[in-house]
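Below is one structure; the comments refer to it alone.
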Amino acid sequence: MTPEQFEHYVANLYKGNGYKTNVSPLSNDWGIDVIATKGDDKIGIQAKMYGGTSRKVNRRMIMELYGAAAFQECTAAVLATDGEILPDAKEVAEKLGIKILSVSNFDQVHDISSTHKLNNEIKSICEDKTVCYPSFDEVWEKYIMPLEGKTISNGNLVNTLIYATWAGVTRRTSTGSTGKIDIEGFKLAYNELKRKGEITRDDINQQVDRRCSSGIVLILSQIPFIEATYNPKGLRLKKS
């Protein structure tokens, strides 16, 4: 199951309890993955598929969800995860009135999101005949995860991808230093790229906590329909 399918699984849990649900577009989720409504209730849900990884839900994630739910005028907020929650996250959640939903055994459930399976095409054609690009989960699984163990370069920057998982990338630079880039940074950059057609390293640095924009640009430029730009430095969608 991919993170996107996990979001749909969580949405279906609420559907089963009489809620109408809407899974937010990946390019514009504003920190909320699922909106569940019933009567006057409007619940903003953030889904974190961290099970089987070293990532844990921390207090920053809870505080960001609190702000995102308030911005979207939700009456309640829920963080759904199959992973571990740090004690400080539980403390902040209790104080802010955010419910933590521990999701388990979802891997035994039939795939509820068959429409989100990998598309074998780089691009698909929408009903209105405009070009649509694949979801982030699709390109991550098809183009980035297979780069694990490989060395990539743009001529100046050289990285070896030690690991490429649903948690993110662990890379080794040409100087021999090793570091991790969380998947959220790639997701943000890709979805902004789909929305605007281009994104600069400065844009990425404004949104990602750690200054890892060079790695994000290098790695995402390996996707066939994305290319690096140099003035300013960043990424853009290739013209078809």
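The values are calculated or read from the model by the stated rules, or taken from the named source; none is laboratory data. Computed from a predicted structure; not experimentally measured. Quick reminder, even Gly has a Cβ in these numbers, built from the backbone with ideal geometry, and neighbours come from all protein chains shown. Side chains are part of the model used for accessible areas, which takes the heavy atoms of the whole protein and leaves out ligands, DNA and RNA. Shrake-Rupley method; radii C 1.70, N 1.55, O 1.52, S 1.80 Å.
Values for this structure:
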{"read-out": "Residue list for region 20-46, filter: at pLDDT below 90, within 16 Å of residue 77 (Cα to Cα) and hydroxyl-bearing (Ser, Thr, Tyr)", "value": "24"}
{"read-out": "Filtered residues of region 173-201 (kept if open to solvent by less than 50 Å² (accessible area, probe 1.4 Å) and either outside any helix (DSSP H, G or I) or touching a His at 6+ places or on another chain (Cβ under 6 Å) (or both))", "value": "173, 176, 179, 181, 197, 199, 200"}
{"read-out": "Test: residue in region 214-235 that is under 24 Å from residue 46 (Cα atoms) and either assigned to a helix (DSSP H, G or I) or within 18 Å of the chain's Cα centre (by Cα) (or both)", "value": "yes"}
{"read-out": "Test: residue in region 82-97 that is touching a Leu at 6+ places or on another chain (Cβ under 6 Å), open to solvent by 30 Å² or more (accessible area, probe 1.4 Å) and either assigned to a helix (DSSP H, G or I) or at pLDDT 90 or above (or both)", "value": "no"}
{"read-out": "Residue match in region 63-80 (condition: open to solvent by 60 Å² or more (accessible area, probe 1.4 Å), farther than 28 Å from residue 181 by Cα, polar (S, T, N, Q) and in contact (Cβ under 8 Å) with a residue 24 or more places away in the chain)", "value": "yes"}
{"read-out": "Selection from region 130-150 of residues that are open to solvent by 50 Å² or more (accessible area, probe 1.4 Å) and part of a strand (DSSP E or B)", "value": "131"}
{"read-out": "Subset of region 206-220 (residues that are open to solvent by less than 30 Å² (accessible area, probe 1.4 Å) and either under 26 Å from residue 32 (Cβ atoms) or hydroxyl-bearing (Ser, Thr, Tyr) (or both))", "value": "208, 212, 213, 216, 220"}
{"read-out": "Number of the condition not met by residue 57 [criteria: (1) among the β-branched types (Val, Ile, Thr); (2) surrounded by fewer than 16 Cβ atoms within 10 Å (Cβ to Cβ); (3) touching a residue at least 40 places away in the same chain (Cβ under 8 Å)]", "value": "(2)"}
{"read-out": "So residue 204, is it part of a helix (DSSP H, G or I) and more than 20 Å from residue 54 (Cα to Cα)", "value": "yes"}
{"read-out": "Extreme residue, nearest to residue 4 (Cα to Cα), among residues of region 151-172 that are free of Cβ contacts under 8 Å to residues at least 24 places away in the same chain, touching a strand residue (DSSP E or B) at 6+ places or on another chain (Cβ under 6 Å) and open to solvent by 30 Å² or more (accessible area, probe 1.4 Å)", "value": "163"}
{"read-out": "Filter result (under 23 Å from residue 145 (Cα atoms) and open to solvent by 30 Å² or more (accessible area, probe 1.4 Å)) within region 222-236", "value": "222, 224, 227, 236"}
{"read-out": "Selection count, region 30-54, where residues are in contact (Cβ under 8 Å) with a residue 60 or more places away in the chain and open to solvent by less than 70 Å² (accessible area, probe 1.4 Å)", "value": "3"}
